[in-house]
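Scroll down for the structure; my scribbles are underneath it.
Derivation of every value follows stated rules applied to the coordinates shown; laboratory data play no part. Treat the numbers as computed from the prediction; the structure is a model and nothing was measured. Counting neighbours? That spans all protein chains shown, and the Cβs are built from the backbone with ideal geometry, glycine included.
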Amino acid sequence: MSTPVPRTLRLCHLYPDEMNIYADRGNIAVLRRRLEWRGMALEVVNAGIGDGLTPGAHDLYYLGGGQDRDQAIVADDLARTKGAALISAVDDGAALLAVCGGYQLAGRGYVGVDGSSMPGIGLLDAETVAGPTRLIGDVLIAARLDDETREVAGFENHAGRTRLGPGATPFGTVLAGFGNDGESGHEGVVRGRAIGTYLHGPLLPRNPWVADTLLAWGLSHATGGDVVLEPLDDSLEDAAREVATGRARGERTERLIGRRA
Ligand code: GLN
């Protein structure tokens, strides 16, 4: 029997003022539109410095990327006022998308470019230390969620090199680009319904499968059942992902030469 789907998904946007580089607000706009296209609504509550989290009040949490100085502003506050609540929310079946700087802080901690240590909350089994160069560019991964593997394309820009704990499950395997550290072949990490990833710029607009997985997880948390979403026409999103995929695989130059010839 299918679970009745609630009309509203409750999203908590963590540190929208500090952790919002690249397309973080765009990712939330995608979640909103994909719900609206299905007759549902997204309710967004912001949680900033000093705000606590009410247990059970949210189905999906979002923590975006930031520069080292933004991360330094929020790291202690996240650990002090929200870390434990976020871990129990995820253990309770709520979903989380933590991107780039947010991924690092959802892990065990981050040593930034200037050598300063920022605490993580240890929700994700991942430890990050900044390296001497930035890892920048289009990235393509074979991502695995809910026993399904699909190609996911994004953009990465990070100094941090992230190592996963021995039992951790990566979000995906790197097909092109750097991923967690440019060496392991791993990208991101998944724990329950929590995804940490370096992919942004923007992740969800061109990877609707990831957006819908997060929505289905959040709605499943809201109902306590297993929500399956009706598919949408994703031809535009798929075309955008194909362009990004081509760029990640280094096809852009070849295409330009082809056109000129
Ligand atoms: N400041 C972090 C790093 O450079 C995260 C960057 C980001 O969120 N784009 O690794």
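Some observations on this one:
- Between residue 91 and residue 173, residue separation times 0.36 nm minus the direct Cα-Cα distance comes to 27.0 nm.
- Our coupling estimate for segment 221-238, obtained by passing each phi through the Karplus curve with A = 6.51, B = -1.76, C = 1.60 and θ = phi - 60°, is 4, 5, 9, x, x, 10, 8, 10, 8, 5, x, 10, 6, 10, 5, 5, 5, 5 Hz, Gly and Pro reported as x.
- In this structure, the amide hydrogen of residue 175, modeled 1.01 Å from its nitrogen in the peptide plane, lies closer than 5 angstrom to those of 140, 141, 142, counting only residues at least 5 positions away or on a different chain.
- A simple spin-label model places pseudo-atoms 7 Å from Cα toward Cβ; at residue 17 and residue 36 they are separated by 2.6 nm.
- Cleavage-rule hits (trypsin sites (Lys or Arg not before Pro)) in segment 119-197: DSSP loop, at most 10 neighbouring Cβ within 10 angstrom: none
- Residue-averaged 222 nm ellipticity for the chain, from DSSP H runs of 4+ at -39500 (n - 2.57), nearest 500: -9000 deg cm²/dmol
- For GluC sites (Glu not before Pro), no site in segment 126-179 is both called loop by DSSP and has at most 16 other Cβ atoms within 10 Å.
- Vicinal HN-Hα couplings computed from phi for segment 159-171 (Karplus, 6.51 cos²θ - 1.76 cosθ + 1.60; Hz; Gly/Pro x): 8, x, 10, 10, 10, 8, x, x, x, 6, 9, x, 5
- Candidates 197, 223, 245: whichever shows maximal mean-square fluctuation once the chain is modelled as a Gaussian network with Cα springs under 10 Å: 223
- Couplings 3J(HN,Hα) for segment 12-19, derived from phi with the Karplus relation 6.51 cos²θ - 1.76 cosθ + 1.60 (θ = phi - 60°), are 10, 8, 7, 6, x, 7, 9, 9 Hz, where x marks Gly and Pro.
- Three-way shape label, the chain, alpha-carbon gyration tensor, a/c 1.5: oblate
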